[in-house]
Amino acid sequence: MKRVRTLFLSDVHLGTRACQAERLLAFLREYETQYLYLVGDIIDLWALKRGFYWPATHNTVVQKVLRMARHDTQVFFVPGNHDEAIRQYVGMSFGAVEIVADHIHTTATGQRYWIMHGDQYDQVTTCHRWVSVLGDLSYTWLVHINRMLSLSRRRLGIGGHWSLADYAKRNVLKAVAYVGDFEKVAAHATTQKKLDGVVCGHIHTPTMKMLDGIQYFNCGDWVDSCTALVEHSDGQMELVRSTPELKLATMVPLLPPLETTPGQERLRA
């Protein structure tokens, strides 16, 4: 069991067949943490409206989080667009889980990070909801196809993580531009708030980088990348990925160290 200061999770999408609940449970069992941030789209109410799907493992994830909240972990839930109905309960607590619209997290080194889901900076989500729903269905199909490809790769002995959805985002020009624009807008909004960094989700693109002096972190998701952001006891930040090729509880660093400017804390990956 690893003791850390903070865990950040986003885009779990409980209630969908694409959710990798078993790997998330293994991750949660590996760590003890003082703070847990659920950074939106934890429960996919959009998918549940289309057709109810809620296996035992999804229920176990919810129970695990509630047990953490009842003991030594302070849990904050920032609803996203897929669980936006929960936003009506902002300011309330359920089973010791605090529902917040967003939050300011102060790290062990005094860095102040803005915790928000990010859909408010997505023009597709805010202005063209039907396009967002169509994109969600397309992404779900990509993930299903990728799961079949991953199974074939393992049977053929081809190791290492490879994501069709991630490949599409990195190689289709419009997708690349969309991700870049989202990151820049999120960083700019953080600058306006006079904060040191931002932790978000929404676009399912795990990363940590410097953008115009702002430390930008995206947690990724537990549909495709299976990644989480970790703050260690010394305030260092690390982005880790669950690796099915080894054992479910094995988490590996995802990115190389992030270059920083003098006076800023070094981020570790």
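Readers should treat all values here as calculations from the given coordinates under stated rules, not as data from a laboratory. Keep in mind it's a predicted model, so treat the numbers as computed, not measured. Note that we place each Cβ from the backbone using ideal geometry, even for glycine, and neighbour counts take in every protein chain shown.
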Subset of segment 63-79 [in contact with a strand residue (DSSP E or B) (Cβ under 9 Å, 6 or more places away or on another chain) and not polar (S, T, N, Q)]
Val65, Leu66, Met68, Ala69, Asp72, Val75, Phe76, Phe77, Val78, Pro79
Given the structure, is Thr57 of a type in the set (Ser, Thr, Tyr) and surrounded by fewer than 21 Cβ atoms within 10 Å (Cβ to Cβ)?
yes
Looking at segment 219-228, which of its residues are touching a Gly at 6+ places or on another chain (Cβ under 8 Å) and either at positive phi or hydrophobic (A, V, I, L, M, F, W, C) (or both)?
Cys219, Gly220, Cys226, Ala228
Residue by residue through segment 66-107, note down the ones that are among the small types (Gly, Ala, Ser) and outside any loop (DSSP other than H, G, I, E, B).
Ala69, Ala85, Ser93
